[in-house]
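The next block holds one structure in the form of structure tokens; read it before the comments.
Computed from the coordinates by the stated procedures, all read-outs in this text should not be read as laboratory data. All of these numbers come straight from a predicted model, not from anything done at the bench. Cβ placement follows ideal geometry from the backbone for every residue including glycine, while neighbour counts extend to all protein chains displayed.
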């Protein structure tokens, strides 16, 4: 099964000339081939902060886009 599937993928790749598609495919394959998630490189403190942010979003404890932009503009002025 694996060899047959690889052959089909190779044939599709050989026929594809669109560089955008090939780049996207490369990114996707590299991501899954390494079996690595962006969160794998986070420190324990960062993972905790990330989990808290997800929980806040799940609980609808978020700010509007306009409020975010307003706060970013204030931050830039400091």
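The figures follow:
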{"item": "Estimated 222 nm signal from helices in the chain, with DSSP H stretches of n ≥ 4 weighted -39500 (n - 2.57), rounded to 500", "result": "-24000 deg cm²/dmol"}
{"item": "The chain: C-alpha gyration tensor shape, a/c 1.5 cut-off, then a/b vs b/c", "result": "prolate"}
{"item": "Candidates 48, 36, 67: whichever shows maximal mean-square fluctuation once the chain is modelled as a Gaussian network with Cα springs under 10 Å", "result": "67"}
{"item": "Nearest-0.05 FRET efficiency for residue 13 and residue 34, computed from C-beta distance (R0 25 Å)", "result": "0.85"}
{"item": "Spin-label proximity, residue 42 to the stretch 52-78 - amide N less than 19 Å from point 7 Å beyond Cα toward beta carbon", "result": "52-63"}
{"item": "Degrees, to the nearest 10: 19-34 long Cα axis against longest axis of the chain", "result": "80 degrees"}
{"item": "Difference of contour (0.36 nm per residue) and Cα-Cα distance, residue 72 to residue 26", "result": "13.1 nm"}
{"item": "On Cα atoms only, tilt of 65-77 relative to the major axis of the chain in degrees", "result": "70 degrees"}
